[in-house]
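A.B. asks: Shown below is the structure under consideration.
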Amino acid sequence: MIERKTLDERQQMTDLERLRHSCAHVMATAICRLWPDVQLAAGPPVENGFYYDMDLAHRITPEDFPRIEEEMKRVVKDNDPFERVTISRDEALALAKAGRLGAVAGREVTSIFKLDLLDSIPADEEISIFKNGDFWDLCAGPHVGRTGNCKAFKLMSIASSYYKGDKDRASLQRLYGTCFKNSTELQDHLTRLEEAKKRDHRRLGKELGLFHIDEAVGQGLILWKPKGALVRRALQEFITEQLDKQGYSQVYTPHIGKLELYRTSGHFPYYQESQYPPIAERDVLERLADENATCGELLNGLASGAFEGYLLKPMNCPHHIKIYASDPHSYRDLPVRLAEFGTVYRWEQSGELGGMTRVRGFTQDDAHLFCTPDQVAAEVAGCLDLVKKVLGTLGMNDYRVRLSLRDPESDKYVGDAENWDKAEAALRAAVQTLGVEYTEELGEAAFYGPKIDFVVKDVIGREWQLGTVQVDYNLPVRFDLTYVGADNQTHRPVMIHRAPFGSLERFTGLLIEHFEGKFPVWLAPEQVRVIPISEKTLEAAEAAAAQLADAGIRVAVDRTNDKIGAKIRLARLDRVPYMIVLGAREVEDGTVSIRHRDNEDLTTQPLADFIATLREEIRSRSL
Ligand SMILES: [Zn+2]
Ligand SMILES: [Zn+2]
């Protein structure tokens with residue numbers, strides 16, 4: 001196949017990739033048997049499966065899948081060995097011209113894509129073909145032993161593609177499949193896919209009116225709609241409450257900062273590819289326009305410091321550092337804990353963007369702690385307490401932690417060895433108090449300090465990488481931060497960066513999928529929907545809603561003329577936790593009928609009683 005990798009990369013192919021790559025040959029064999037005129041192009045393994053690109057007169061549809069799978073089963077049953085044969089370039093060219101590559105025996109039309117591919121193989125490189133039965137293909141491998149190893153497979157989808165991804169070249173059909181070691185693993189994968197589809201936050205975000213991404217605003221830029229904003233606000237309030245209890249101070253900082261600030265921090269120009277381009281001062285722009293300077297000259301000038309400019313902030317640290325540095329500090333003031341829901345901007349490649357999980361502007365639950373070396377242990381432990389509390393409240397108790405330590409052999413690290421030892425021991429001790437699984441990774445620490453990362457497993461078993469707690473010995477030096485110790489001498493504080501949930505965008509995306517849009521009451525954008533049975537009780541419904549709103553409950557009234565069944569269905573679709581149904585009898589009795597989104601039972605009680613119970617449910621953030 002034409003996914004060309006160096007020998008090293010090839011040997012790194014995992015067992016599963018090797019199996020899937022082999023299954024692509026099984027699929028190709030079946031296709032060649034069914035449609036001998038097919039022209040096969042590339043067929044690499046991809047995440048969760050494999051595909052094969054082909055030029056075929058017959059337009060493949062999902063209706064063809066059973067038939068192709070039947071043929072694949074026969075190829076598997078043949079149990080032919082995958083046999084590697086090295087040949088000379090001339091032999092390979094002759095085989096391609098004879099139509100014998102990417103084909104079963106008997107075809108006499110030139111293998112056009114294989115011929116083209118041979119052209120791009122460097123002259124000094126060995127050419128190999130792989131054979132299974134009478135299917136031969138130009139391929140570097142590797143493969144499993146026999147076709148019989150590919151037992152648990154399934155065709156997934158068909159899409160269109162272009163030869164070598166170039167839209168000026170031949171338009172092809174791309175057939176996707178997947179393959180696992182056994183049918184249990186395949187079935188688990190298919191179930192997970194089904195669940196993931198049901199929970200996809202991009203679809204639910206749209207259906208539930210939580211957020212919007214608009215091409216006119218830009219890719220990867222999340223517009224929080226009113227309902228999504230309510231979820232975010234409830235989440236921020238919850239986190240803020242915890243930060244208040246832990247002695248954090250809230251700060252606000254602007255979205256841009258001078259380039260000089262980022263030169264000092266070392267973020268500019270070194271991370272230019274992940275930052276938005278700098279903005280020049282207006283007078284610089286005017287002067288350069290007069291001089292007819294090019295864009296490149298402008299950027300070079302900004303990078304070298306010849307012109308002053310601003311950067312859209314890629315992180316909040318330098319701003320917080322300047323707040324710390326704006327006052328003298330004694331050891332008695334430490335630790336200083338500065339927290340901000342700080343919005344930052346980073347340039348992600350557009351191919352990597354998707355929903356709320358890969359974005360270009362996002363708000364971190366950020367904070368920077370400035371402390372003495374002796375306080376690192378307690379501060380890190382405090383950060384982990386916060387994570388435990390927040391994840392526990394959301395019912396996410398399945399997570400693991402990665403502890404990144406320095407490579408003891410290397411000398412690339414800043415800060416003295418004694419402090420590193422202390423910090424690493426402190427992080428390890430803090431992680432152990434969590435009582436969750438953790439791994440230690442030597443050599444994975446940044447040059448400026450060790451760190452802890454969180455990986456959360458959602459209800460369907462997928463892992464989400466959240467935020468980090470990172471010790472930093474570097475920035476306090478670069479910004480010459482100090483405090484006066486008990487000995488009256490000047491000392492260097494240690495800095496801790498922590499954004500345990502990463503960003504509110506990503507975390508909310510995770511929450512939407514975790515809860516399948518059914519947020520617990522305290523997070524639900526609409527907590528109660530009041531549904532009058534008919535127009536006759538609409539007025540009473542409005543009055544009940546006013547009472548609920550007065551008690552601080554997020555409520556809406558269904559004012560449509562739909563039948564009661566349709567109104568209840570809609571409220572359920574909208575994932576509203578509670579519905580209050582109001583008919584003539586309830587109005588007469590001074591009660592309301594309450595229905596929860598997840599069950600059919602109705603309870604009837606006075607509205608005031610329901611309000612009291614609900615307020616307690618919200619206050620305690622019950623699940
Ligand atoms: Zn192959
Ligand atoms: Zn930071």
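The values are calculated or read from the model by the stated rules, or taken from the named source; none is laboratory data. It should be emphasised that the depicted structure is a prediction, and the values quoted were computed from it without experimental measurement. We place every Cβ from the backbone using ideal geometry, glycine too, and count neighbours over all the protein chains shown. Protein only, heavy atoms only, side chains kept; ligands, DNA and RNA dropped before computing areas. Shrake-Rupley method; radii C 1.70, N 1.55, O 1.52, S 1.80 Å.
A.B. asks: Given (1) within 15 Å of ligand 2 (Cβ to nearest atom); (2) among the β-branched types (V, I, T); (3) in a helix (DSSP H, G or I); (4) surrounded by fewer than 20 Cβ atoms within 10 Å (Cβ to Cβ), identify the lone condition not met by V284.
C.D. replies: Of the numbered conditions (1) within 15 Å of ligand 2 (Cβ to nearest atom); (2) among the β-branched types (V, I, T); (3) in a helix (DSSP H, G or I); (4) surrounded by fewer than 20 Cβ atoms within 10 Å (Cβ to Cβ), the odd one out for V284 is (1).
A.B. asks: Would you pick out the residues in the range 155-172 that are at pLDDT below 85 and of a type in the set (A, V, I, L, M)?
C.D. replies: Result: A170, single match.
For every residue, the table says whether it meets (1) open to solvent by less than 60 Å² (accessible area, probe 1.4 Å); (2) farther than 16 Å from I611 by Cα.
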position: N488; (1), (2): no, yes
position: G502; (1), (2): yes, yes
position: E516; (1), (2): yes, yes
position: Q527; (1), (2): yes, no
position: V530; (1), (2): yes, no
position: T537; (1), (2): yes, yes
position: K567; (1), (2): yes, yes
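Here's the yes/no breakdown for (1) touching a Phe, Trp or Tyr at 6+ places or on another chain (Cβ under 7 Å); (2) open to solvent by less than 40 Å² (accessible area, probe 1.4 Å); (3) within 16 Å of ligand 1 (Cβ to nearest atom):
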position	(1), (2), (3)
L311	yes, yes, no
M315	no, yes, no
V336	yes, yes, no
R346	no, no, no
R358	no, no, no
M396	no, yes, no
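A.B. asks: Within the range 369-382, work out how many residues are surrounded by fewer than 23 Cβ atoms within 10 Å (Cβ to Cβ) and under 20 Å from T240 (Cβ atoms). Lay out the reasoning, then the answer.
C.D. replies: First, pick out the residues of the range 369-382 that are surrounded by fewer than 23 Cβ atoms within 10 Å (Cβ to Cβ): 371-375, 377-378, 381-382.
Next cut, under 20 Å from T240 (Cβ atoms) only: 382.
Going through the range 369-382 one residue at a time, the tally reaches 1.
A.B. asks: For residues that are more than 18 Å from Y52 (Cβ to Cβ) and among the small types (G, A, S), scanning just the range 100-144, find the one that is nearest to the chain's Cα centre (by Cα).
C.D. replies: Residue satisfying both the conditions and the ranking: S120.
A.B. asks: Another question, then. When the residues of the range 443-452 are filtered to those that are surrounded by fewer than 21 Cβ atoms within 10 Å (Cβ to Cβ) and over 21 Å from L261 (Cβ atoms), which remaining residue is nearest to ligand 2 (Cβ to nearest atom)? Steps first, answer last, please.
C.D. replies: Step one: filter the range 443-452 for residues surrounded by fewer than 21 Cβ atoms within 10 Å (Cβ to Cβ), giving 443-444, 446-447.
If we keep only those that are over 21 Å from L261 (Cβ atoms) as well, we get 443-444.
On the way: G443: 22, E444: 18 Å.
Top of the filtered list is E444.
A.B. asks: Residues being more than 16 Å from ligand 2 (Cβ to nearest atom) and either in contact with a Ser or Thr (Cβ under 7 Å, 6 or more places away or on another chain) or not assigned by TED's automatic domain parsing to the domain that holds F362 (or both): count how many of those fall in the range 474-503.
C.D. replies: Of all residues in the range 474-503, those more than 16 Å from ligand 2 (Cβ to nearest atom) come to 480, 482-492.
Filter again for either in contact with a Ser or Thr (Cβ under 7 Å, 6 or more places away or on another chain) or not assigned by TED's automatic domain parsing to the domain that holds F362 (or both), leaving 482-484, 490-492.
Result for the range 474-503: 6.
A.B. asks: Moving to a separate point now. Looking at (1) modelled with pLDDT under 95; (2) more than 20 Å from L172 (Cβ to Cβ); (3) open to solvent by 50 Å² or more (accessible area, probe 1.4 Å); (4) more than 34 Å from the chain's Cα centre (by Cα), find the lone condition where N48 falls short.
C.D. replies: Result: N48 passes all but (4).
A.B. asks: If the Cβ limit is 6 Å and pairs must be 6+ apart or interchain, which residue in the range 33-45 that is closer than 15 Å to Y162 by Cα and open to solvent by less than 10 Å² (accessible area, probe 1.4 Å) pairs with which residue that is within 13 Å of ligand 1 (Cβ to nearest atom) and part of a strand (DSSP E or B)?
C.D. replies: Sorted first by the residue in the range 33-45, then by its partner, the pairs are G43/Y52.
A.B. asks: Would it be correct to say that T191 is out of contact with any Asp or Glu (no Cβ under 7 Å at 6 or more places or on another chain), open to solvent by 80 Å² or more (accessible area, probe 1.4 Å), of a type in the set (S, T, N, Q) and not in a strand (DSSP E or B)?
C.D. replies: Values: out of contact with any Asp or Glu (no Cβ under 7 Å at 6 or more places or on another chain): yes; open to solvent by 80 Å² or more (accessible area, probe 1.4 Å): no; of a type in the set (S, T, N, Q): yes; not in a strand (DSSP E or B): yes.
No.
A.B. asks: Might you let me know whether the range 312-332 holds any residue that is part of a strand (DSSP E or B) and under 30 Å from R202 (Cβ atoms)?
C.D. replies: Initially, the range 312-332 is screened for residues part of a strand (DSSP E or B), giving 312, 330.
Within this subset, residues satisfying the condition of being under 30 Å from R202 (Cβ atoms) are 312.
Yes.
A.B. asks: Looking only at the range 222-238, decide whether some residue is over 22 Å from F65 (Cα atoms), at pLDDT below 95, of a type in the set (D, E, K, R) and not assigned by TED's automatic domain parsing to the domain that holds A98.
C.D. replies: As a first pass, look at the range 222-238 and keep what is over 22 Å from F65 (Cα atoms): 222-238.
When the remaining residues are screened for being at pLDDT below 95, the result is none.
No, there is no match, as no residue in the range 222-238 is over 22 Å from F65 (Cα atoms), at pLDDT below 95, of a type in the set (D, E, K, R) and not assigned by TED's automatic domain parsing to the domain that holds A98.
A.B. asks: I would also like to ask the following. Determine, yes or no, whether Y270 is free of Cβ contacts under 8 Å to residues at least 24 places away in the same chain, surrounded by fewer than 14 Cβ atoms within 10 Å (Cβ to Cβ) and within 30 Å of R492 (Cβ to Cβ). Reasoning before the result, please.
C.D. replies: Working: free of Cβ contacts under 8 Å to residues at least 24 places away in the same chain: yes; surrounded by fewer than 14 Cβ atoms within 10 Å (Cβ to Cβ): yes; within 30 Å of R492 (Cβ to Cβ): yes.
The answer is yes for Y270.
A.B. asks: Given the condition modelled with pLDDT under 90 and over 26 Å from K389 (Cα atoms), answer yes or no: does some residue in the range 448-465 qualify?
C.D. replies: There is at least one residue in the range 448-465 that is modelled with pLDDT under 90 and over 26 Å from K389 (Cα atoms).
A.B. asks: Something else about it: Between a residue in the range 411-422 that is more than 15 Å from K451 (Cβ to Cβ) and any residue that is part of a loop (DSSP other than H, G, I, E, B) and not aromatic (F, W, Y), which pairs come within a Cβ distance under 9 Å, given they are 6 or more apart or on different chains?
C.D. replies: Sorted first by the residue in the range 411-422, then by its partner, the pairs are K412/R406.
A.B. asks: Here are A571, A608, A612, A584: which of them is over 30 Å from G205 (Cα atoms) and in contact with a Lys or Arg (Cβ under 8 Å, 6 or more places away or on another chain)?
C.D. replies: Values: A571 fails: over 30 Å from G205 (Cα atoms); A608 fails: in contact with a Lys or Arg (Cβ under 8 Å, 6 or more places away or on another chain); A612 fails: in contact with a Lys or Arg (Cβ under 8 Å, 6 or more places away or on another chain).
Answer to the selection: A584.
A.B. asks: Determine the pairs where a residue that is within 20 Å of A486 (Cβ to Cβ), located within the range 367-396, has a partner that is of a type in the set (S, T, N, Q) with Cβ atoms under 7 Å apart, the partner being 6 or more residues away or on another chain.
C.D. replies: P373/N419
A.B. asks: Looking only at the range 31-47, which residues are touching a helix residue (DSSP H, G or I) at 6+ places or on another chain (Cβ under 7 Å) and away from ligand 1 (no atom under 15 Å from the Cβ)?
C.D. replies: R33, L34, V38, Q39
A.B. asks: What do you reckon, is A584 aliphatic (A, V, I, L, M) and either closer than 22 Å to L230 by Cα or within 40 Å of the chain's Cα centre (by Cα) (or both)? Break it down into steps so the answer makes sense when it comes.
C.D. replies: Numbers: aliphatic (A, V, I, L, M): yes; either closer than 22 Å to L230 by Cα or within 40 Å of the chain's Cα centre (by Cα) (or both): no.
No, not satisfied.
A.B. asks: Tally the residues that are among the basic types (K, R) and either within 12 Å of ligand 2 (Cβ to nearest atom) or within 26 Å of E463 (Cβ to Cβ) (or both), restricting the search to the range 315-359.
C.D. replies: Step one: list which residues in the range 315-359 are among the basic types (K, R), which gives 322, 332, 337, 346, 358.
Checking the rest, the ones that are also either within 12 Å of ligand 2 (Cβ to nearest atom) or within 26 Å of E463 (Cβ to Cβ) (or both) come to 346, 358.
So the count comes out to 2.
A.B. asks: What pairs come up if the first residue lies in the range 317-329 and is in contact (Cβ under 8 Å) with a residue 40 or more places away in the chain, the second is part of a helix (DSSP H, G or I) and near ligand 2 (Cβ under 9 Å from one of its atoms), and their beta carbons are under 7 Å apart, counting only those six or more places apart or on different chains?
C.D. replies: C317/L475; I321/L475
A.B. asks: Out of all the residues in the range 412-423, which are surrounded by fewer than 20 Cβ atoms within 10 Å (Cβ to Cβ) and part of a helix (DSSP H, G or I)?
C.D. replies: Of all residues in the range 412-423, those surrounded by fewer than 20 Cβ atoms within 10 Å (Cβ to Cβ) come to 412-414, 416-419, 421-422.
Matches in the range 412-423: A417, E418, N419, D421, K422.
A.B. asks: In the range 454-482, how many residues are in contact with a Leu (Cβ under 8 Å, 6 or more places away or on another chain) and open to solvent by 20 Å² or more (accessible area, probe 1.4 Å)?
C.D. replies: Residues meeting the conditions: 1.
A.B. asks: Do we find that E71 is closer than 27 Å to R18 by Cβ and exposed (fewer than 15 other Cβ atoms within 10 Å of the Cβ) in this structure?
C.D. replies: On the way: closer than 27 Å to R18 by Cβ: yes; exposed (fewer than 15 other Cβ atoms within 10 Å of the Cβ): no.
Considered against the rule, which asks whether it is closer than 27 Å to R18 by Cβ and exposed (fewer than 15 other Cβ atoms within 10 Å of the Cβ), E71 comes out as no.
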